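Colleague: Encoded as structure tokens, here's the structure I'll be asking about.
The values are calculated or read from the model by the stated rules, or taken from the named source; none is laboratory data. All values derive from a computational prediction rather than experimental measurement. A quick note on method: Cβ atoms are made from the backbone with ideal geometry, for glycine too, and the neighbour counts reach across all protein chains shown. Just so you know, the surface numbers come from the protein's heavy atoms only, side chains and all, with ligands and any DNA or RNA stripped out. Shrake-Rupley method; radii C 1.70, N 1.55, O 1.52, S 1.80 Å.
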Amino acid sequence: MEEQKILAKRIEFLCKEKNLSYYELSYKAAVPLTTLMHIMDGSTKNPGLFTISKICGGLRISLKDFFDTQEFEGIEEGLE
């Protein structure tokens, strides 16, 4: 699975888990809704670390918790 899809699926999962719409996440994270939607639809190929960090803040989780999944471990293994 492409990295962008993994990222979008993780955000989607966490939004559902926390019962947040993308609009609410955008507001809480102080990230423009268009930026978030570009991440979700894959048109943003490489969102910046600070953007992901702000999204994590809106979700009230750490970067470590965001990336601590098997899907992201697979990406890391592919880099070796």
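Colleague: Please report, in debye to the nearest 20, how large the charge dipole of the chain is about its Cα centre when each Lys and Arg carries +1 at its beta carbon and each Asp and Glu carries -1 there. Walk me through the intermediate numbers first.
Modeller: Working: 10 positive and 13 negative charges, 106 e Å.
Its charge dipole is roughly 500 debye.
Colleague: Between (1) -0.33, -0.39, -1.41; (2) -0.30, -0.36, -1.54; (3) -0.45, -0.50, -1.26, which matches log10 I(q)/I(0) by the Debye sum over Cα atoms at q = 0.12, 0.13, 0.27 Å⁻¹ calculated for the structure shown?
Modeller: Among (1) -0.33, -0.39, -1.41; (2) -0.30, -0.36, -1.54; (3) -0.45, -0.50, -1.26, the one calculated here is (2).
Colleague: Using a probe radius of 1.4 Å on heavy atoms only, what accessible surface per residue do you get for the chain? Whole Å² is fine. Present the calculation step by step, with values, prior to reporting the outcome.
Modeller: Working: 5550 Å² over 80 residues.
Here the residues of the chain average 69 Å² of exposed surface.
Colleague: Further question on the same structure: Once neighbouring chains are kept in place and the probe is 1.4 Å, which whole percent of the accessible area of the chain is contributed by carbon and sulfur?
Modeller: On the way: 2940 of 5550 Å².
Accessible surface attributable to carbon and sulfur in the chain totals 53 percent.
Colleague: Calculate for the chain the 222 nm mean residue ellipticity that helices alone would give, adding -39,500 (n - 2.57) per DSSP H run of length 4 or more and normalising by residue count, nearest 500 deg cm²/dmol.
Modeller: -21000 deg cm²/dmol
Colleague: Which order do peptides 54-67, 35-48 fall in by mean Cβ count within 10 Å, highest first?
Modeller: Values: 54-67: 16.3, 35-48: 14.7.
So the order, starting with the most tightly packed, is 54-67, 35-48.
Colleague: For the charge dipole of the chain, defined by +1 on Lys and Arg C-beta atoms and -1 on Asp and Glu C-beta atoms about the Cα centroid, which residue among Gly48, Met37, Gly74 has the Cα displaced farthest towards the positive pole?
Modeller: Checking the options against the dipole of the chain, the answer is Met37.
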